[in-house]
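Everything below concerns the one structure shown next.
The values are calculated or read from the model by the stated rules, or taken from the named source; none is laboratory data. Being a predicted model, the structure only gives us computed values, none of them experimental. With ideal geometry, Cβ positions are generated from the backbone for all residues, glycine too; neighbour counts draw on all protein chains shown. The protein model used for the area step is the full one, side chains on, heavy atoms only, and it has no ligands, DNA or RNA in it. Shrake-Rupley method; radii C 1.70, N 1.55, O 1.52, S 1.80 Å.
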Amino acid sequence: MKIKENIYVLELPNINPQSKDFVYPTVIKDKNNLTLIDTGYPGQIDYIKAELEKDGLDINNIKTIILTHHDIDHMGNVKAILKLVPNIEVITFDKEVDYINGSKTPGKVEHMEKNLNKLDEKGKQFYNLFKLFYDNNKIEVTKTVKDNDVINKGEDIRVIATPGHTLGHMSLYIDKYKLLIAGDLLISKDGEVTTCPKELNYD
């Protein structure tokens, strides 16, 4: 759905069938070029295509993907999009790169590994799914950014370092519209904006 001139939000379903909340990747349009900020849960590429098409946008026009952080519901469809549309620029915060390209074990996987003997059966299933995803979805990052950098994709997008949910989590701010793209600094729960639960934060 269009929220500002040249700025759209994609409404993707939560993979938890009991949840009424959605995942909201953001799209910035610059003439025919699209920048996608975060990509939802794995396996949602058809939803992404359909949401883009609702607004007359084409997935083949994605030129850049910006990742606010490396969690599975943010980088879930990067590899699938890259297979469909090669040569896309991938941008993230410099402290996130090693988790995205597979050089380091992602924070939540590392935490589960340390507590594997304490996990119940469901927890162990989640661990195996997460580990399988990251092992098979290593992404090469094209460009890194730091706090206060500006990414210009038709709009000036200012990088704000917001570590805590992950060590290299970033938020993005478009001053022209007073618009904050918060990643998981803030979340939607039961239709309300709130902070991310402490148990989902690294620090």
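Numerical summary
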read-out: Pick from the range 17-60, criterion among the polar types (S, T, N, Q) and open to solvent by 50 Å² or more (accessible area, probe 1.4 Å), ranking: modelled with the lowest pLDDT; value: Gln18
read-out: Any hit, the range 91-104, residues being open to solvent by less than 20 Å² (accessible area, probe 1.4 Å) and among the hydroxyl-bearing types (Ser, Thr, Tyr); value: yes
read-out: Selected residue (criterion: nearest to Asn137 (Cα to Cα)) from residues of the range 34-77 that are in contact (Cβ under 8 Å) with a residue 12 or more places away in the chain and of a type in the set (Gly, Ala, Ser); value: Gly76
read-out: Options Glu110, Glu121, Glu140; residue that is open to solvent by 70 Å² or more (accessible area, probe 1.4 Å) and free of Cβ contacts under 8 Å to residues at least 24 places away in the same chain; value: Glu121
read-out: Neighbours by Cβ (under 8 Å, 6+ apart or cross-chain): first from the range 10-30, among the hydroxyl-bearing types (Ser, Thr, Tyr); second in a loop (DSSP other than H, G, I, E, B) and exposed (fewer than 14 other Cβ atoms within 10 Å of the Cβ); value: Tyr24/Glu11
